[in-house]
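Colleague: Here you go, one structure.
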Amino acid sequence: MTIAAAALAGCALQPVATPPVAAPAIPPAATASNAAPDSMRWLYGSGEGAAASIQAFRALADYVEHGTARATGKSPPLSARMSVPMGIGGDGEQSVGCGSRPEAVVFDVDETLLLNLGYEYWQAATHSGYSSSVWDEWEQTGADHVAPAPGAITALKRIRAAGVTVVFNTNRNAANDAETISALKTAGLGDAVHGETLFLKGDDGTGSAKDGRRAMIAAKYCVIALAGDNLGDFSDRLNARDLTTAQRRELAARGPLAALWGNGWFILPNPVYGASIAGDVEDVFPPSARWMPRAPQTEGK
């Protein structure tokens, strides 16, 4: 074999190079050093979180079934108490005349009916804080990565079977209405129609405040109950920026509002985000509760 032939033979044995194919992006896996926050473990992973959610939804469905016009034989003259702006009847929590309007229950969506598992996974796995741009992307693309809150599907079926309309009042963006409708349907929570049974941030021009949208809903329906994971789902006054943590708790837990929990107002647990987790040590623990052991304690001794 000549040198030229040997060279050609060697070349023929070489594999043809192909450009590398990029592997699909894989989200980072949780590790011991990348554990989910305790609040997320409780809400999204614990049996206790599921039980609390089911308990709240069962109580709500029971309340609705026993309080409808069909059950009582007469239409309620007034709505459940809620905060609506001047022009409907005044400021503060109040009842609105129902007239002949059809009955409805008003629900917040995120972390009330819908658990945003994909978005919260991103936050937990990457130690990321809230990002409005990422949240907007989540609203647009996250429908396949949500789950219904435990007990929500059964409760909504019972409410609708009782002849009561389910209305969603959420701070998802009005521009993403089609995607929000898709997320609700994917989670098994039923259909929604923007402006009829779905009200979104931007619908009344007041941003994330919900009193204006509650007024819009009260003009269409007799609201017999409300459900949410934040006090602002019932009254904007309870999320006023000038309220201290202690004052906000006092408003919700004392006086006339205390009588509304389980009696027209139904709260769902959410220790992950929102106004409920505001406050430092001094805000949360009053002076009368500040106890310390006599001497500093050392582990293992």
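Colleague: Rounded to the nearest 5, what % of DSSP beta bridges with both residues in the chain are antiparallel?
Modeller: Expressed as a percentage, antiparallel bridges in the chain total about 20.
Colleague: Counting each DSSP H run of 4 or more residues in the chain as -39500 (n - 2.57), what helix-only mean residue ellipticity at 222 nm follows after dividing by all residues, to the nearest 500 deg cm²/dmol?
Modeller: Calculated from helices alone, the mean residue ellipticity at 222 nm is -10000 deg cm²/dmol.
Colleague: Looking at the chain as a GNM with Cα springs under 10 Å, which of ARG160, ARG290, ARG214 has the largest mean-square fluctuation?
Modeller: Highest fluctuation among the options: ARG290.
Colleague: For the chain, what is the accessible area per residue in Å², given a 1.4 Å probe and the full set of protein chains?
Modeller: Dividing the accessible area of the chain by its residue count gives 55 Å².
Colleague: Could you sort MET292, MET40, MET216 by accessible area so the largest value comes first, with the probe set to 1.4 Å?
Modeller: Order by accessible area, largest first: MET292, MET216, MET40.
Colleague: May I pose another question? Quantify, in whole percent, the carbon and sulfur part of the accessible surface of the chain (1.4 Å probe; protein heavy atoms only).
Modeller: 59 percent
Colleague: List the aspartates and glutamates whose alpha-carbon lies under 19 Å from that of LYS74, not counting same-chain residues fewer than 8 positions away?
Modeller: ASP62, GLU65, GLU103
Colleague: Moving on. Near ALA162, within a Cβ-to-Cβ distance under 11 Å, what is the net charge of the other residues, with Lys and Arg +1 and Asp and Glu -1?
Modeller: Taking every Cβ under 11 Å from that of ALA162, the sum is +1.
Colleague: Please list, by residue number, every one of the chymotrypsin sites (Phe, Trp or Tyr not before Pro) in segment 56-134 that is coil in DSSP and has at most 14 other beta-carbon atoms within 10 Å.
Modeller: Sites meeting the loop and neighbour criteria: TYR130.
Colleague: Shifting gears a bit: Whose amide H sits under 5 Å from the amide H of LEU115, counting only residues 5 or more places off or on another chain, with H placed in the peptide plane?
Modeller: ALA147, ALA149
Colleague: Here is a further query. May I ask for the net charge around VAL284, where only other residues with Cβ less than 12 Å from the Cβ of VAL284 are counted and Lys, Arg are +1 while Asp, Glu are -1?
Modeller: 0
Colleague: Separate question: So for the chain, what are the equivalent ellipsoid semi-axes in whole Å, largest first, each being the square root of 5 times an eigenvalue of the Cα gyration tensor?
Modeller: Computed over the chain, the values are 48, 29, 18 Å.
Colleague: Another question, if that's okay. I need the phi-derived Karplus couplings for segment 74-83: 6.51 cos²θ - 1.76 cosθ + 1.60, θ = phi - 60°, integer Hz, Gly and Pro marked x.
Modeller: Working through the residues one at a time gives 8, 6, x, x, 10, 6, 5, 5, 6, 9 Hz.
Colleague: May I pose another question? For Cα pairs less than 8 Å apart in space and 6+ apart in sequence, what is the mean separation divided by the residue count of segment 38-271, i.e. the relative contact order in percent?
Modeller: It rounds to 28 percent for segment 38-271.
Colleague: A follow-up question, please. Trypsin sites (Lys or Arg not before Pro), restricted to segment 45-145: which are DSSP loop and have at most 16 other Cβ atoms within 10 Å?
Modeller: LYS74
Colleague: What lysines sit close enough to LYS210 to cross-link, taking a C-alpha to C-alpha distance under 21 Å and skipping anything fewer than 8 places away on the same chain?
Modeller: Partners within reach: LYS201, LYS220.
The values are calculated or read from the model by the stated rules, or taken from the named source; none is laboratory data. Bear in mind that the values here come from a model prediction, so they are computed numbers and not experimental data. Virtual Cβ from ideal backbone geometry, glycine too; neighbours counted across all protein chains shown. In case anyone asks, the SASA skips ligands and DNA or RNA and just uses the protein heavy atoms, side chains included. Shrake-Rupley method; radii C 1.70, N 1.55, O 1.52, S 1.80 Å.
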